[in-house]
Every structure is written in C-alpha cells, then in structure tokens.
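Report on one structure; see the data block that follows.
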Amino acid sequence: MAGLHKSEFENPVVNWIDTRMPIFTMMQKEYGSFPTPKNFNYFWNFGALAMISLAIMIATGIFLAMNYTAHTTLAFDSVERIMRDVNYGWLLRYVHANGASMFFIVVYIHIFRALYYGSYKAPRELLFMLGVVILLLMMATAFMGYVLPWGQMSYWGATVITNLFSAIPIVGESIVTWLWGGFSVDNPTLNRFYSLHYLMPFMITGVVFLHIVALHITGSNNPLGIDVKTPQDTLPFHPYYTAKDSIGICVYLLVFAGLVFFAPNFLNHPDNYIPANPLVTPAHIVPEWYFLPYYAILRSVPNKLGGVILMFSSIAVLFFLPWLDTSPVRSSRFRPIYKQLILVMVASFLVLGYVGGKPPEGIYVVLGRVATAYWFLHFLVLLPILGKLEKPLPLPESIARPVVRRPPPGGGGGPLPQGATAKPMEKS
Amino acid sequence: MRAAALALGLLASAALAPCAFAQGHEAVRAPKESWSFNGPFGTFDRASMQRGFQVYKEVCSNCHSMKEMYYRNLTAIGLSEEQVKAIAASATVPGGTDDSGQPVERPALPSDHFRSPFANDKAARAANGGALPPDQSLIIKARENGSDYVHALLNGYRDPPPGVKVSEGQYYNEYFPGNQLAMAPPLQDGAVTYADGTQATVDQMSRDVVQFLTWTSNPELETRKRMGVKIVIFLAMMTGLTYAVKKKVWKDVH
C-alpha cells in the first residue's frame, strides 16, 4: 500500500477519500492551519474579495448566457428580454454589470495594497507578475463583455478599441480585419467576442490558482513588510482570517447591493440603452470607467501608434516593477519619500480617469499629459533612483514585537535586522 | 519630499480647475424634479402612470414605437385584464399569413408587442421630415437623468433667442442637445381629456408621461427597491454579527 496518504481525519468517508486523494489535508494545510502574519490590516481583505467577485461574475454570467442571443439583430432585444421577462433576469444582469465594476474597484485597491506595502518585492515577484496577467485578462474580458448588449457604446467602443491595432505598421490593417472577422465590427465580431468572453473567466480562474500557489509558497507580505521569523508572528488562517475576511465580504456586499438595487445604471453610459447603429456615431465615445485612465493615456499622445504603445506600456511597466524599485525596504511605512510619491501616483491615476471621461480638448489635454508623464516618471525614473537616495526608517525587530530598534548613535537607520529586507535581485 | 508635496498639490489643483470652466453652447441642464419613484423607497404613482399611458397612446404613439413592451405588461400600472384585452384589441397588428400565403391583420392580443406606428424606420423617417422618432421603450435609461430630461424637454420649447436661426422643419428647445429638434411641440394644454378630471396642462401631461416612461424603462423598479431595502437591512445585521464574531475570535491575540 505504498504511496497512500496517512489521513488524520476521523470521519470515515473523509478519511477514505483523503487517504487516496489528500485534498482535505491540502485544504486544511492551505486554508485551515496556514500560518498567516498576525498584523494584517483590512487592505488584506481585497484578495479574498477579488475571489468572491470572480465567483459572482462566473455564476451570474452562466445564467445570463442561457438567455442571451449573440446575433447583431437579436442581442439587444435578448438583453431586454432578460431584463423584463426572465425570472429575476434584471437581478442577474444588474449584478453582472455592476459586478464588473466591483471587481475592478476591488482589484485596483488590491494592486494599490501591493504597491504601498511593497508586496511585489523579492521573493514575491512572480506572484505580482501573475497578478498583472490577471489584470490584463480581466480587462480583455470586461471589454468583450461590454460589447455583448450591442448598444451604441458597445458597438462604437468595440470599433475604437479594435481599431487601435491598425496603428501597427504594415500588418495593422490586416490584424484588424482578422480580429473583426470582416471589414467592420459586425456579427462575426459579436460571435467571437461572446465565445472569448465565456472562455476568459476560466483562464482567469487558472491564473488565480497559480497566483495562490505562488502566494502559499512565499507566504503573505504584511503591513510592516518584514519577514515572518517565529511562529509568534503568525496565526492560523482559520478562524482568524476567515473571520476577518468575512467582515470585508459583508461590507463589500453592502456596497454592491447599494449599486445593484438603488443605482444600477450609475456607472453605465446611457447611450448603451440605444441599440447599436453603425450609421450614427455618439457625440462622445467613452469606455467603461475602469478603462478611462488608459484611454486618457492613449489620447494624450498626438500620434496614434505612440498613443497605443504608451497605453500598453502603462501596464507593461508593472511587470518590471520588482526590478525598477531598487529599495530593499518593502513597506511604505519605513519609506518617507516613497510614501508620498505613491500618493502622487494614485492622484495621477485618478486625474487620468477623470480626463479620460472628458472630451480631448483644452485643459483636459494638458492635464492628461501631465498625469501620463508622472505615471512613467514614477515607475521608470523616480523608483530606480529613490532606492539609492532615500534613507529608510529603522525597521522593527519582528511582527510579534513591533518595537523599533533604537538607532545607533550617529543617526541613520542603522543596520537592518536580518531578514527584514527583500533580498537584492541577482544581477544577470 | 517637498517636491512630492508640490507635485501632488499641482495635480490636485489641476484636477479641480476644470470645474470652473463653463461648457459652451451645450443644452441647458434639465432641472431636478422630485419624482415619486426616486429614493430607496420610491414607488410609481399608479394614477399618474395610467394618465401617462393615455398621453402616450393618444399623442406619442402616433410617431414613437415602443417595441419592448407587451400589452400584457399594462396590468402592472393597475389596469385589469379586461381593460388590457380591450386596449390590445383596439390595435391592429400583422397576423402572419392566411392559407393562401397572403399577409393578414388581426386585432392585437395581450401577448402582443405594442403596435409600432410605422412599418419600418424608412417609413417613419419619410413621415417625419427625415427624422426618426426614437423608440420609447428605454428612453428614460437612454438619456442622462432621463426622467428629468424628458420632462424638461416636453416643457422646453421656446422662441429662439435673437440671432439663432432655426432650420426648416425644426423647433427650438432649450434642453435638446444642439437646441434644434424635428419634433414639433407634442403637447398643448388640453391635448387629452383625463377620465379622472385632472387638468391636462402641458406640465401635468409631461409629468404623467414621464411616470409611464420611467416604468417602461424600469419595469422592475419597485420590486428592485423593495428587495434592496430588505437585503441592505439583512447585510447590515450580518456585518454587525460578523464583526462581533471576529472580535470574539481575536480577543486573545495581542
């Protein structure tokens, strides 16, 4: 009987299964007794919230798909049929539509948490990069999902965004034709977007799984940004963090319910309740709110190819963040300058979002360019320099004893306690 | 550090600055009205909706279609099944083909969509000086602050200000983007005669029709808000309970 798992579960059925396929032991290890830093603040809720968002989107999406028709002549009316005649169809659709917004709000805060507390630094670089992959997949999924109701913004948004690829020299036009499956956004486009919109959430699920595997190898970062050293620094995930995450989930659901039940179209554009019409262009074509910052970057460059490159670079730069940030200290708490710069970065992101929703004229162009410039300045120039110039505050001894070491006479941060810093990257 | 604070201040002031810029030659923003269906406990005013349906039927529906609506839906505004049957039967709709393959017409049933005034968009344009009267099923959701906007638009016909030339077949309206629209003022005082004795002023009729149109755009509104109130109360209690559980679980952690 070599190779069988020696299960410690008492329930005979559980034990029988666990002996042959130790998933119960695995769950117990990864979500029950999993040692988790004891000092998480509520920013650490947002990973769990993102999982919940994904689950809600897939669940509602599957039921919507049962009632949706992916054809240019029927799509709009089939959505209205869901809203009017399908039992609780309006609930499914409003949860799905606002769920996308909730998902992005949660993920943006989750990313902010990672940036603020240096969760991208060694040894969590791969974990962070997988997160950026999830963000990109989410963006593709959300974009294609928005096309499905086949309203005016669906159609014209799809036209504008797919046309971006025409900026690629020589092969651009061919790529766009290939993406469309024809010579304009039309039924083949709608059909393939529907197919991909159904596929990609499961790709996201796969990458989320890898994201969690990586997380459970490195362990979580924490607000102090220092490594876990002794068992006194940690608590078992259950019941401590299941309880703490539950509070976050309740508050998340409250906000979600507020949107769905009392302002279901607050984040939507009215034009998307007008059926798609290739002959009438809306006065202002704007993407969903969560794309506005990138849209602003795109439009802040007078050259189309330049705009497209800059827009994709604005996210691609995150892949290099673990190496662009040269400071060995993770948490902003101990980085007086970075702590301020990251707020400026958040402000520039918000300004970009604001500008993206406005017509590209006058002051908005200037604002968009200033904010775009800062975005790249922050990641490509300030972070690499800052690690060399900034004097970090003294780091605490351990999570369990968050006492700051007295700086040695002569000032300065003093030597950092062992293991308190990220390991410097290896130069290749 | 000072540079960071400065940069942040610059960005913030730059972000707030545009609020001071007025937007030129845009339509006037529709004034905010207080509707019975606003707010978390909002409901439709049944009497007003029924009057609004009358306005829609006698005035709007001569040009505007309402393709997403069925006659059967009208029971939700407080009409009886018999009334709905009679309303449906008063409209003639295409009824497929007879045994020899010729198209026939028949009186509508409650299970039929509202009859459209024109056979297709081209016919609608031809009858309306080239302009297409938009379908009204979703008109409230398809406009920014739709209820306020439609009410304002119906009351917004004015003489053009001096210097503004209104094109042939167009009418000046304060609230319409671009200020010129092809729809002639659709309501005049007394355009309909209300059975309940309400004075049919333009303002009254526009309020009634907005009640009706808000319902056709959001037929789930009352159910949605009622359910929302219950769910929010439940979640609020759940949040409190969860917080208490967390406190208990964490009480020995220091």
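The values are calculated or read from the model by the stated rules, or taken from the named source; none is laboratory data. Note that the structure is predicted; figures quoted are calculated from it, not measured. With ideal geometry, Cβ positions are generated from the backbone for all residues, glycine too; neighbour counts draw on all protein chains shown.
Given the structure, is A:Phe334 more than 25 Å from the chain's Cα centre (by Cα) and within 27 Å of A:Phe112 (Cβ to Cβ)?
Yes; evaluated as a whole, the condition is true for this residue.
Is it the case, given these coordinates, that B:Tyr175 is of a type in the set (Ser, Thr, Tyr) and within 14 Å of chain A (Cβ to nearest Cβ)?
Values: of a type in the set (Ser, Thr, Tyr): yes; within 14 Å of chain A (Cβ to nearest Cβ): no.
So B:Tyr175 fails the test.
Given the structure, is B:Lys246 over 30 Å from A:Phe76 (Cα atoms), buried (at least 18 other Cβ atoms within 10 Å of the Cβ) and of a type outside the set (Val, Ile, Thr)? Walk me through it before giving the result.
Numbers: over 30 Å from A:Phe76 (Cα atoms): yes; buried (at least 18 other Cβ atoms within 10 Å of the Cβ): yes; of a type outside the set (Val, Ile, Thr): yes.
Criteria met by B:Lys246.
Touching a residue at least 60 places away in the same chain (Cβ under 8 Å), among the charged types (D, E, K, R) and in contact with an Asp or Glu (Cβ under 7 Å, 6 or more places away or on another chain): is that true of B:Glu58 in this structure? Spell out how you get there, then give the answer.
Details: touching a residue at least 60 places away in the same chain (Cβ under 8 Å): yes; among the charged types (D, E, K, R): yes; in contact with an Asp or Glu (Cβ under 7 Å, 6 or more places away or on another chain): no.
Spelling it out, it is not the case that B:Glu58 is touching a residue at least 60 places away in the same chain (Cβ under 8 Å), among the charged types (D, E, K, R) and in contact with an Asp or Glu (Cβ under 7 Å, 6 or more places away or on another chain).
Residue by residue through region A:78-87, note down the ones that are surrounded by fewer than 21 Cβ atoms within 10 Å (Cβ to Cβ) and touching a residue at least 12 places away in the same chain (Cβ under 8 Å).
A:Arg81, A:Val86
Looking at region A:143-161 only, could you name the residues that are under 22 Å from the mean Cα position of the chain (by Cα) and within 16 Å of A:Phe312 (Cβ to Cβ)?
A:Phe143, A:Ile161
Only residues that are touching a Leu at 6+ places or on another chain (Cβ under 8 Å) and at pLDDT below 95: list them for region B:87-123, please.
B:Asp121
Report, by residue number, each residue of region A:88-120 that is within 11 Å of chain B (Cβ to nearest Cβ) and surrounded by fewer than 19 Cβ atoms within 10 Å (Cβ to Cβ).
The answer is A:Tyr88, and nothing else.
Go through region A:370-388 residue by residue and tally those that are within 11 Å of chain B (Cβ to nearest Cβ) and either of a type in the set (Gly, Ala, Ser) or surrounded by fewer than 17 Cβ atoms within 10 Å (Cβ to Cβ) (or both).
So the answer is 3.
Spot the failing condition for A:Met311; the list is (1) within 14 Å of chain B (Cβ to nearest Cβ); (2) under 20 Å from the mean Cα position of the chain (by Cα); (3) assigned to a helix (DSSP H, G or I), and only one is missed.
(1)
Can you name the residue in region A:262-299 that is more than 23 Å from A:Val107 (Cβ to Cβ) and of a type in the set (A, V, I, L, M, F, W, C) and, of all such residues, is farthest from the chain's Cα centre (by Cα)? Reasoning before the result, please.
Residues of region A:262-299 that are more than 23 Å from A:Val107 (Cβ to Cβ), as a first pass: A:262, A:270-271, A:273-285, A:299.
Those left that are additionally of a type in the set (A, V, I, L, M, F, W, C): A:262, A:274, A:276, A:279-280, A:283, A:285.
On the way: A:Phe262: 26, A:Ile274: 30, A:Ala276: 29, A:Leu279: 35, A:Val280: 34, A:Ala283: 30, A:Ile285: 24 Å.
Here the answer is A:Leu279.
Residue by residue through region A:246-259, note down the ones that are more than 30 Å from A:Val329 (Cβ to Cβ) and either surrounded by 19 or more Cβ atoms within 10 Å (Cβ to Cβ) or within 9 Å of another protein chain (Cβ to nearest Cβ) (or both).
So the first thing to find is which residues in region A:246-259 are more than 30 Å from A:Val329 (Cβ to Cβ), and the list is A:246, A:249-259.
Of everything in region A:246-259, those that are more than 30 Å from A:Val329 (Cβ to Cβ) and either surrounded by 19 or more Cβ atoms within 10 Å (Cβ to Cβ) or within 9 Å of another protein chain (Cβ to nearest Cβ) (or both) turn out to be A:Ser246, A:Ile249, A:Cys250, A:Val251, A:Tyr252, A:Leu253, A:Leu254, A:Phe256, A:Ala257, A:Gly258, A:Leu259.
What are the residues in region B:172-208 that are among the aromatic types (Phe, Trp, Tyr) and free of Cβ contacts under 8 Å to residues at least 60 places away in the same chain, if any? I'd like the intermediate steps shown before the answer.
First, pick out the residues of region B:172-208 that are among the aromatic types (Phe, Trp, Tyr): B:172, B:175-176, B:194.
B:Tyr172, the sole residue that qualifies.
Looking only at region B:91-99, decide whether some residue is away from chain A (no Cβ under 13 Å) and on the phi > 0 side of the Ramachandran plot.
The first filter runs over region B:91-99 and keeps only residues away from chain A (no Cβ under 13 Å), leaving B:91-99.
Checking which are on the phi > 0 side of the Ramachandran plot leaves us with B:96.
Yes, that holds for at least one residue.
Taking the criterion of being modelled with pLDDT of 95 or more and farther than 26 Å from B:Glu222 by Cα, would at least one residue in region B:48-58 satisfy it? Quick ask: steps written out before the conclusion?
Going through region B:48-58, the residues modelled with pLDDT of 95 or more turn out to be B:48-58.
Then keep just the ones that are farther than 26 Å from B:Glu222 by Cα; that gives B:58.
The answer is yes, given that some residue of region B:48-58 is modelled with pLDDT of 95 or more and farther than 26 Å from B:Glu222 by Cα.
Inspect all residues belonging to region A:337-356 and state whether any of them is under 22 Å from the mean Cα position of the chain (by Cα), closer than 23 Å to A:Pro302 by Cα and more than 11 Å from every other protein chain (Cβ to nearest Cβ).
Checking region A:337-356: at least one residue is under 22 Å from the mean Cα position of the chain (by Cα), closer than 23 Å to A:Pro302 by Cα and more than 11 Å from every other protein chain (Cβ to nearest Cβ).
Could you tell me whether region B:134-145 includes any residue that is on the phi > 0 side of the Ramachandran plot, of a type in the set (S, T, N, Q) and surrounded by fewer than 18 Cβ atoms within 10 Å (Cβ to Cβ)? Explain how you work it out, then say what you get.
To start, the set of residues in region B:134-145 that are on the phi > 0 side of the Ramachandran plot comprises B:145.
Right, trim to of a type in the set (S, T, N, Q) and you get B:145.
Cutting the leftovers down to surrounded by fewer than 18 Cβ atoms within 10 Å (Cβ to Cβ) gives us B:145.
Yes, there is a match, as at least one residue in region B:134-145 is on the phi > 0 side of the Ramachandran plot, of a type in the set (S, T, N, Q) and surrounded by fewer than 18 Cβ atoms within 10 Å (Cβ to Cβ).
Being of a type in the set (A, V, I, L, M) and more than 21 Å from the chain's Cα centre (by Cα), is that true of even one residue in region B:194-206? Give the steps one after another, and end with the answer.
Let us first name the residues in region B:194-206 that are of a type in the set (A, V, I, L, M), namely B:195, B:200, B:202, B:205.
Filter again for more than 21 Å from the chain's Cα centre (by Cα), leaving B:195.
Within region B:194-206 (the criterion being of a type in the set (A, V, I, L, M) and more than 21 Å from the chain's Cα centre (by Cα)), the answer is yes, since at least one residue qualifies.
Would it be correct to say that B:Ala76 is more than 19 Å from B:Trp215 (Cβ to Cβ) and either part of a helix (DSSP H, G or I) or at pLDDT 95 or above (or both)? First the steps, then the outcome.
Details: more than 19 Å from B:Trp215 (Cβ to Cβ): no; either part of a helix (DSSP H, G or I) or at pLDDT 95 or above (or both): yes.
Considered against the rule, which asks whether it is more than 19 Å from B:Trp215 (Cβ to Cβ) and either part of a helix (DSSP H, G or I) or at pLDDT 95 or above (or both), B:Ala76 comes out as no.
Just to verify a result, which residue in region B:163-180, among those that are closer than 22 Å to A:Ile274 by Cα and surrounded by fewer than 18 Cβ atoms within 10 Å (Cβ to Cβ), is nearest to the chain's Cα centre (by Cα)?
Residue satisfying both the conditions and the ranking: B:Pro177.
How about region B:229-254: which of its residues are more than 12 Å from A:Ala243 (Cα to Cα), modelled with pLDDT of 95 or more and among the β-branched types (Val, Ile, Thr)?
Within region B:229-254, B:Val229, B:Ile231, B:Val232, B:Ile233 qualify.
What residue, of A:Ala59, A:Ala50, is among the small types (Gly, Ala, Ser), buried (at least 16 other Cβ atoms within 10 Å of the Cβ) and either outside any loop (DSSP other than H, G, I, E, B) or in contact with a strand residue (DSSP E or B) (Cβ under 8 Å, 6 or more places away or on another chain) (or both)? Before you say what the answer is, go through the steps one by one.
Details: A:Ala59 fails: buried (at least 16 other Cβ atoms within 10 Å of the Cβ).
Result of the check over A:Ala59, A:Ala50: A:Ala50.
Working only within region A:269-304, note down all residues that are within 11 Å of chain B (Cβ to nearest Cβ) and either without any contact (Cβ under 8 Å) to a residue 24 or more places away in the chain or touching a strand residue (DSSP E or B) at 6+ places or on another chain (Cβ under 9 Å) (or both).
A:His269, A:Pro270, A:Asp271, A:Asn272, A:Tyr273, A:Ile274, A:Pro275, A:Leu279, A:Ala283
Condition (residue is in a helix (DSSP H, G or I) and away from chain A (no Cβ under 14 Å)) applied to region B:105-119: is it met by at least one residue? Walk me through how you get there before you give the answer.
Initially, region B:105-119 is screened for residues in a helix (DSSP H, G or I), giving none.
No: zero hits.
Would you call B:Thr198 out of contact with any strand residue (DSSP E or B) (no Cβ under 6 Å at 6 or more places or on another chain), surrounded by fewer than 18 Cβ atoms within 10 Å (Cβ to Cβ) and either away from every other protein chain (no Cβ under 14 Å) or at pLDDT below 95 (or both)?
On the way: out of contact with any strand residue (DSSP E or B) (no Cβ under 6 Å at 6 or more places or on another chain): yes; surrounded by fewer than 18 Cβ atoms within 10 Å (Cβ to Cβ): yes; either away from every other protein chain (no Cβ under 14 Å) or at pLDDT below 95 (or both): yes.
Considered against the rule, which asks whether it is out of contact with any strand residue (DSSP E or B) (no Cβ under 6 Å at 6 or more places or on another chain), surrounded by fewer than 18 Cβ atoms within 10 Å (Cβ to Cβ) and either away from every other protein chain (no Cβ under 14 Å) or at pLDDT below 95 (or both), B:Thr198 comes out as yes.
What residue, among those in region A:221-245 that are crowded, with 21+ Cβ neighbours inside 10 Å and polar (S, T, N, Q), is nearest to the other protein chains (Cβ to nearest Cβ)?
Among them, the one singled out is A:Thr234.
Can you tell me which residues in region B:224-250 are more than 22 Å from A:Leu92 (Cα to Cα), of a type outside the set (A, V, I, L, M) and more than 7 Å from every other protein chain (Cβ to nearest Cβ)?
Across region B:224-250, the qualifying residues are B:Gly240, B:Lys247, B:Lys248.
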